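Trainee: I'd like to ask you about the structure that follows.
The values are calculated or read from the model by the stated rules, or taken from the named source; none is laboratory data. These numbers come from a predicted model, not from an experiment. Reconstructed Cβ throughout: ideal geometry from the backbone, glycine too, with neighbour counts over all protein chains shown. SASA here: full protein model, heavy atoms, side chains in, ligands and nucleic acids out. Shrake-Rupley method; radii C 1.70, N 1.55, O 1.52, S 1.80 Å.
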Amino acid sequence: MTRRRPAPLPVRDGLGPARLRLHGGPVAAELRTRFGAAVAAKVAAGEVVTATGAPVDDTTTLPAGSHVFMYRDLPEEVPVPFEMPVLYRDKDLVVVDKPHFLATMPRGSHVAQTALVRLRRELDLPELSPAHRLDRLTAGVLVFTTRRELRGAYQTLFARGVVRKQYLARSSAQPTGDFPRLLRSRIVKQRGCLQAREEEGEPNAETLVEYLGEGRYRLNPRTGRTHQLRVHLAALGLPIDGDPLYPRVLDVAPDDFSQPLRLLAHRLEFEDPFSGRSRSFSSARDLDAEGQPPVRVSAATVRGTGSHDPEQRGV
């Protein structure tokens, strides 16, 4: 697999530069045509560079498939007013307790208000990168790598499905049938469509669902399809409380944080790809709490001298 070369511009204020793929030919003219006056002004100011770091000007010509880089103008965003405690930190990893409503990394209208950008700014770690993702509406354990050379090994663990994940969910719907129950289906999500859906075909999503009583469920996904847990519980007639997408799409204002999705990434376990030692991290959040009150974490853990798991001190 070809490894992408580092961007020629550094991370600035928590954000890396935007990477634009070219159609080919005179670069400045193409950027003016495709992106208008705002990007043309960046070219004139010498703020758009090639993959080698050379500023683009009116004489720059590049072949199709080449890339140029520049810092994006940030959209107006509603601040997500909840804390994101650090559960564990060492020289390789940062593990946080992500709140509901905060996206994992920049996408669409969510840029600065993401876990990645917040942490890069707060911890001064420009190469920080997520080892996996949580949906914006899902809270809980989220793992980041601290340096570029580490990210592939940890991301591969999640991609291969060898990380043991445990979620907690709440549904007010009345359960029927026997539990535990293993759900296997084919889930697809098309670009531009808010909902994922189940369809006929070879299963690509598998979830073990256990009923804990009083509307609470423990979910052990064995795959990681988009919205998998939300789709599977909705298919059982047990939509997760606070879900604005399943079983039907609801219109929620961007500044409405009153109804969090009752889905929590409660625990992660895996064998470290470098040390071979067991890693285990658990969320301190309360699935049933209204809003997202601060979660207390020891000062030693935040400084990186301790561990969320006593067995991991000094890892």
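Trainee: Hey, could you check the range 156-176 for residues that are out of contact with any Pro (no Cβ under 8 Å at 6 or more places or on another chain) and assigned to a helix (DSSP H, G or I) and say which is most open to solvent (accessible area, probe 1.4 Å)?
Mentor: Ala159
Trainee: On to the next question. When you scan the range 67-82, do you find a residue that is touching an Asp or Glu at 6+ places or on another chain (Cβ under 8 Å), in contact (Cβ under 8 Å) with a residue 40 or more places away in the chain and open to solvent by less than 60 Å² (accessible area, probe 1.4 Å), even just one?
Mentor: Looking for residues that are touching an Asp or Glu at 6+ places or on another chain (Cβ under 8 Å), in contact (Cβ under 8 Å) with a residue 40 or more places away in the chain and open to solvent by less than 60 Å² (accessible area, probe 1.4 Å), one finds at least one in the range 67-82, hence yes.
Trainee: Would you pick out the residues in the range 103-126 that are part of a loop (DSSP other than H, G, I, E, B) and of a type outside the set (S, T, N, Q)?
Mentor: Across the range 103-126, the qualifying residues are Met105, Pro106, Gly108, Val111, Ala112, Asp124, Leu125, Pro126.
Trainee: Could you grab the pairs with beta carbons closer than 6 Å, sequence gap of 6+ or different chains, first residue in the range 27-56 and surrounded by fewer than 16 Cβ atoms within 10 Å (Cβ to Cβ), second one part of a strand (DSSP E or B)?
Mentor: Gly46/Pro55; Ala51/His67; Pro55/Val49
Trainee: Tell me yes or no: at least one residue of the range 127-143 is open to solvent by 40 Å² or more (accessible area, probe 1.4 Å), in a helix (DSSP H, G or I) and either modelled with pLDDT under 95 or within 19 Å of Met84 (Cβ to Cβ) (or both).
Mentor: No.
Trainee: For the condition among the basic types (Lys, Arg) and part of a loop (DSSP other than H, G, I, E, B), what is the one hit in Arg19, Arg5?
Mentor: Arg5
Trainee: Among the residues that make up the range 87-107, is at least one of them within 30 Å of Ser275 (Cβ to Cβ), open to solvent by 70 Å² or more (accessible area, probe 1.4 Å) and in the same structural domain as Leu125 (by the TED database)?
Mentor: The answer is yes, given that some residue of the range 87-107 is within 30 Å of Ser275 (Cβ to Cβ), open to solvent by 70 Å² or more (accessible area, probe 1.4 Å) and in the same structural domain as Leu125 (by the TED database).
Trainee: Does Arg21 satisfy being among the basic types (Lys, Arg), farther than 23 Å from Leu128 by Cβ and free of Cβ contacts under 8 Å to residues at least 12 places away in the same chain? Before you say what the answer is, go through the steps one by one.
Mentor: Numbers: among the basic types (Lys, Arg): yes; farther than 23 Å from Leu128 by Cβ: yes; free of Cβ contacts under 8 Å to residues at least 12 places away in the same chain: no.
So Arg21 does not fit the description; no.
Trainee: Count, please, the residues in the range 55-72 that happen to be within 17 Å of Ala29 (Cβ to Cβ) and in a loop (DSSP other than H, G, I, E, B).
Mentor: The total comes to 8.
Trainee: Further, regarding this structure: Can you tell me how many residues in the range 232-274 are in a loop (DSSP other than H, G, I, E, B), open to solvent by 70 Å² or more (accessible area, probe 1.4 Å) and touching a residue at least 24 places away in the same chain (Cβ under 8 Å)?
Mentor: Selection size over the range 232-274: 4.
Trainee: Can you tell me how many residues within the range 178-211 are in contact (Cβ under 8 Å) with a residue 40 or more places away in the chain and under 26 Å from Leu250 (Cβ atoms)?
Mentor: 5
So that you can scan it fast, the table gives a plain yes or no per residue for (1) part of a loop (DSSP other than H, G, I, E, B); (2) over 22 Å from the mean Cα position of the chain (by Cα):
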| position | (1), (2) |
| --- | --- |
| Leu183 | no, yes |
| Arg186 | no, yes |
| Gly192 | yes, no |
| Gln195 | yes, no |
| Glu198 | no, yes |
| Glu206 | no, no |
| Leu212 | no, yes |
| Gly224 | yes, no |
